[in-house]
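Here's the structure, in structure tokens; my notes come after.
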Amino acid sequence: MQSETTKQKFLALLKETVFTKEMIMYAIIGVGTVIADFGTSAVFKYLFAHSQYCAAISQTAAWIAAAIFSFLGNKVLVFKSKSWLPKVVLRELSQSLGVRLISGLANIFFMWIFVDKSITGAFADNYTARFWLFKIVIGVFVVIFDYVCNKFIIFSKKKIR
């Protein structure tokens, strides 16, 4: 009997925190952002396949595409920031790009370390496997960091003066 109550409480907590409309929309925009990111990465990885800076170049281009898609999606669909006043948009955009810049630079740095320099030794003989494995692992941390910053800093419901 006790475990059923605990299970019900856990499911209610999940419904209140994880399965909210905001989180579902964030996940949808996140999938779109990942598609923009991975698609751009794949194109630039192909274009610069013979460059020693392949991962860094492809990550930079992917960051730009993902940052633009993410900002617009989060503003309009996730956090429903309705104001298009220039000072509001510029504040949101500059903060969003600042957060994305921090996470993007971290992403590029860790891709360079773990893929181009391969200090891990993981998949030492398979550059492509290393590239996509670390892109996914690093991407998880980026998504969490970006959500927290978007929710509590950029699109918080505080009054703007």
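The values are calculated or read from the model by the stated rules, or taken from the named source; none is laboratory data. Note that this is a predicted model, so its numbers are computed, not measured. All Cβ positions, even for glycine, are placed from backbone atoms using ideal geometry, and neighbour counts span all protein chains on display.
Of the residues making up the range 64-92, those that are part of a helix (DSSP H, G or I) and not hydrophobic (A, V, I, L, M, F, W, C) are S70, G73, N74, K75, P86, K87, R91, E92. The combined condition, being under 18 Å from V140 (Cα atoms) and in a helix (DSSP H, G or I), is fulfilled by S41.
Within the option set A61, A49, being outside any loop (DSSP other than H, G, I, E, B) and among the hydrophobic types (A, V, I, L, M, F, W, C) holds for one residue only, A61.
Which residues, counting only those in the range 18-63, are of a type outside the set (S, T, N, Q), exposed (fewer than 15 other Cβ atoms within 10 Å of the Cβ), free of Cβ contacts under 8 Å to residues at least 60 places away in the same chain and under 21 Å from F131 (Cβ atoms)? Listed by number, the residues that qualify are V31, I35, G39, A42, V43, Y46, L47, A49, H50. Do we find a residue being touching a Ser or Thr at 6+ places or on another chain (Cβ under 6 Å), at pLDDT 90 or above and over 19 Å from K117 (Cβ atoms) anywhere in the range 71-78? Taking every residue of the range 71-78 in turn, at least one turns out to be touching a Ser or Thr at 6+ places or on another chain (Cβ under 6 Å), at pLDDT 90 or above and over 19 Å from K117 (Cβ atoms).
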